[in-house]
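Below is one structure; the comments refer to it alone.
The values are calculated or read from the model by the stated rules, or taken from the named source; none is laboratory data. A quick note: this is a predicted structure, and the numbers were derived from the prediction, not measured. All Cβ positions, even for glycine, are placed from backbone atoms using ideal geometry, and neighbour counts span all protein chains on display. In case anyone asks, the SASA skips ligands and DNA or RNA and just uses the protein heavy atoms, side chains included. Shrake-Rupley method; radii C 1.70, N 1.55, O 1.52, S 1.80 Å.
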Amino acid sequence: PALVSLREITKIFSNGVTALAGFDLDVFPGEFVSLLGPSGCGKSTVLRLIADLAQPTDGSVTWPGSTDDDHRGEIGFVFQDPTLMPWANVADNAWLPLRLRGVSKRDARDRIAESLALVGLSDFAKAYPRELSGGMRMRVSIARALSLKPRLLLMDEPFAALDEIARFRLNDDLLRLQGDLHCTIVFVTHSVYESAYLSSRIAVMSSRPGRVVADIRGEAPGPRS
Ligand code: ADP
Ligand code: ADP
């Protein structure tokens with residue numbers, strides 16, 4: 001069954017903007033789905049609906065394969081802006097969301113060490129955000145999300161603010177990571193290059209109102225090695 005299923009979604013904001021109408025998407029376990037579409041077509045809104053940070057005006061978001069009612073705990077969210085707290089070092093930035101979820105300090109320490117290693121930043125646990133490059137800050141943000149051991153990783157144009165070289169590097173890191181972690185990823189982008197390079201499936205959206213107009217799957221789903 002699908003991990004998460006969005007059916008017949010309409011989202012109308014209080015200012016009258018219809019962001020989504022007739023939006024359908026099933027995300028299956030292990031998939032790396034890109035949501036590709038022009039700015040303003042409703043991609044971020046889709047992620048927020050999945051994360052339960054917003055509610056649909058009409059339609060449903062369900063988790064068919066799961067009996068757990070609260071799925072927020074299973075979701076990692078990586079925003080376009082790394083949103084690190086400047087007064088906390090890298091390890092403490094990663095620790096805060098774990099603390100909010102009641103993870104013990106000892107368990108948190110192990111998880112943070114593991115996820116910093118995955119993104120190649122083991123030596124930077126004590127560094128402060130201002131000491132890091134943009135690419136490194138984004139990797140901290142990814143490590144922070146991975147420390148939650150999410151079943152589903154939602155990424156909202158995470159590399160959009162980076163220069164091309166950092167972006168290429170992080171694209172490769174992300175491919176490798178997904179191979180190691182086997183987690184499900186929904187990746188929002190307006191870059192055709194990024195969607196084709198990274199994902200096993202591309203859901204193309206059009207705007208006014210936002211909906212899926214093409215759903216493309218590769219012959220061999222999953223990350224390349
Ligand atoms: P994308 O991520 O594809 O750029 P968004 O999901 O951010 O698109 O936005 C879709 C549409 O909904 C846009 O027209 C945007 O201006 C509008 N929108 C997004 N969030 C809100 C909000 N909180 N209130 C009103 N309109 C919004
Ligand atoms: P950006 O491209 O935004 O500058 P990168 O993540 O590619 O970000 O890193 C830029 C520079 O930061 C690298 O050339 C390197 O000198 C340093 N750096 C990044 N990651 C590491 C790391 N894991 N270990 C040591 N130095 C690093």
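Filtering Ala88, Ala21, Ala54, Ala94 for residues that are over 21 Å from Ser199 (Cα atoms) and part of a helix (DSSP H, G or I) leaves a single hit, Ala94. Filtering the range 1-37 to residues that are open to solvent by 60 Å² or more (accessible area, probe 1.4 Å) and near ligand 1 (Cβ under 7 Å from one of its atoms) leaves Phe13, Ser14, Asn15, Val17.
Give me the residue from the range 153-196 that is small (Gly, Ala, Ser) and in a helix (DSSP H, G or I) and, out of that set, nearest to Asp26 (Cα to Cα). Explain how you work it out, then say what you get.
So the first thing to find is which residues in the range 153-196 are small (Gly, Ala, Ser), and the list is 160-161, 166, 179, 191, 195-196.
Next, from what is left, pick out any that are in a helix (DSSP H, G or I): 166, 179, 195-196.
Working: Ala166: 31, Gly179: 21, Ser195: 18, Ala196: 19 Å.
My answer is Ser195.
In the range 176-197, is there at least one residue being under 20 Å from Leu53 (Cβ atoms), among the aromatic types (Phe, Trp, Tyr) and more than 10 Å from ligand 2 (Cβ to nearest atom)? Checking the range 176-197: at least one residue is under 20 Å from Leu53 (Cβ atoms), among the aromatic types (Phe, Trp, Tyr) and more than 10 Å from ligand 2 (Cβ to nearest atom). Criterion applied to Ala166, Ala145, Ala117, Ala161 was being more than 28 Å from Gly22 (Cβ to Cβ), modelled with pLDDT under 95 and surrounded by fewer than 14 Cβ atoms within 10 Å (Cβ to Cβ), and the one residue passing it is Ala117. Hey, any hits in the range 172-188 for a residue that's at pLDDT 90 or above, surrounded by fewer than 16 Cβ atoms within 10 Å (Cβ to Cβ) and farther than 16 Å from Phe79 by Cβ? Yes: one or more hits.
For the range 195-207, filtered to residues that are farther than 22 Å from Ala19 by Cβ and within 14 Å of the chain's Cα centre (by Cα), the residue that is most open to solvent (accessible area, probe 1.4 Å) is Ser199. Restricting attention to the range 118-130, the residues being part of a helix (DSSP H, G or I) and near ligand 2 (Cβ under 10 Å from one of its atoms) number 3.
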